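S.K.: Let me begin by handing over the structure; questions about it come next.
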Amino acid sequence: MGRKWNNIKEKKASKDANTSRVYAKFGVEIYVAAKKGEPDPESNRVLKVVLERAKTYNVPKAIIDRALEKAKGSGDENYVELRYEGFGPNGSMIIVDALTNNVNRTAPEVRSAFNKNGGNMGVSGSVSYMFDPTAVFGVEGKTSEEVMDLLLEADVDVRDILEEEDAVIVYAEPDQFHAVQEAFKAAGVTEFTVSELTMLAQNFVTLPGDAEAQFEKLIDALEDLEDVQQVYHNVEFEE
């Protein structure tokens, strides 16, 4: 995996930092997660994951509280989870996850973003088989050996522990998200640079200059869509 996660995270963060668009998307995701169960993260594990992710993106408390209050109150919007798969320049692979209250709007918008930016949508399963659902955590101030020791002591299984730049990145099965989180917190680690449930590509590719620029335009177009929550891909950007 090498530096793959930080490469993805840094590129995303440079664009997403402190933008109202990201906050609005989290507002929807928090509302939907809270409506699925109790609006209490201690009894709603899906909500707990979303709130942990929101912390790493510095989502304001006011937005989180507003979404939770809406879920507790009269909010009756119905959202549907959708997944689209497709290809970018040079056969690069993309997965698009959406939450929408208008399914007739979302697919045409996603298809248009692909078509206008050098990509094309595929059928369900056309690229997802090349990605693995993965829990990813990042912590600073510890070595990989220290992280390994605290996870072993907590009897938590993980796929890999890697030092990537200034952070230690832990890759685990999705169902281990809470176990990893609790192991860190028991060891006094409460702040994460990364706390995600993601789709991680099994193999990454690099693109030549023009193709990379076009790919970035495609990703930007997809992420700018109101209904799109997450975009996953298998491109490693050149530094």
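The values are calculated or read from the model by the stated rules, or taken from the named source; none is laboratory data. Small disclaimer: the values here were computed from a predicted structure and weren't measured. Cβ placement follows ideal geometry from the backbone for every residue including glycine, while neighbour counts extend to all protein chains displayed.
S.K.: Is it the case that region 54-76 has a residue that's at pLDDT 95 or above and buried (at least 17 other Cβ atoms within 10 Å of the Cβ)?
M.R.: No, region 54-76 contains no residue that is at pLDDT 95 or above and buried (at least 17 other Cβ atoms within 10 Å of the Cβ).
S.K.: Let me ask another. With the structure loaded, tell me whether D149 is among the charged types (D, E, K, R), touching a residue at least 60 places away in the same chain (Cβ under 8 Å) and surrounded by 13 or more Cβ atoms within 10 Å (Cβ to Cβ) or whether it fails that test.
M.R.: Details: among the charged types (D, E, K, R): yes; touching a residue at least 60 places away in the same chain (Cβ under 8 Å): no; surrounded by 13 or more Cβ atoms within 10 Å (Cβ to Cβ): yes.
For D149, the condition - among the charged types (D, E, K, R), touching a residue at least 60 places away in the same chain (Cβ under 8 Å) and surrounded by 13 or more Cβ atoms within 10 Å (Cβ to Cβ) - is not met.
S.K.: Could you list all residues from region 194-239 that are β-branched (V, I, T) and buried (at least 19 other Cβ atoms within 10 Å of the Cβ)?
M.R.: Of all residues in region 194-239, those β-branched (V, I, T) come to 194, 198, 205-206, 219, 228, 231, 235.
If the condition is that a residue be β-branched (V, I, T) and buried (at least 19 other Cβ atoms within 10 Å of the Cβ), then V194, T198, I219, V228, V231, V235 are the ones that fit.
S.K.: I'm checking my understanding of the structure. Among residues of region 96-139 that are β-branched (V, I, T) and part of a strand (DSSP E or B), which one is farthest from A221 (Cα to Cα)? Quick ask: steps written out before the conclusion?
M.R.: Here is the first cut: in region 96-139, the residues β-branched (V, I, T) are 96, 100, 103, 106, 110, 123, 127, 134, 136, 139.
If we keep only those that are part of a strand (DSSP E or B) too, we end up with 96, 100, 134, 136, 139.
Values: V96: 12, T100: 17, T134: 25, V136: 25, V139: 31 Å.
Looking at the filtered set, the residue picked out is V139.
S.K.: Okay, moving on. For region 27-47, check the following and say yes or no: at least one residue is modelled with pLDDT under 90, part of a helix (DSSP H, G or I) and hydroxyl-bearing (S, T, Y).
M.R.: no
S.K.: Would you confirm whether or not region 140-158 contains a residue that is in a strand (DSSP E or B), closer than 27 Å to H233 by Cβ and not assigned by TED's automatic domain parsing to the domain that holds I95? Working first, answer last.
M.R.: Kept after step one, since they are in a strand (DSSP E or B), are these residues of region 140-158: none.
Within region 140-158, none of the residues are in a strand (DSSP E or B), closer than 27 Å to H233 by Cβ and not assigned by TED's automatic domain parsing to the domain that holds I95.
S.K.: Checking P41 against (1) closer than 25 Å to V180 by Cα; (2) exposed (fewer than 15 other Cβ atoms within 10 Å of the Cβ), which test does it fail?
M.R.: Of the numbered conditions (1) closer than 25 Å to V180 by Cα; (2) exposed (fewer than 15 other Cβ atoms within 10 Å of the Cβ), the odd one out for P41 is (2).
S.K.: Report, ordered by the first and then the second residue, all pairs with beta carbons closer than 6 Å, sequence separation of six or more or different chains, a first member in region 53-64 that is outside the structural domain of V194 (by TED's automatic domain parsing), and a second member that is polar (S, T, N, Q) and outside any helix (DSSP H, G or I).
M.R.: Sorted first by the residue in region 53-64, then by its partner, the pairs are R53/S195; T56/S195.
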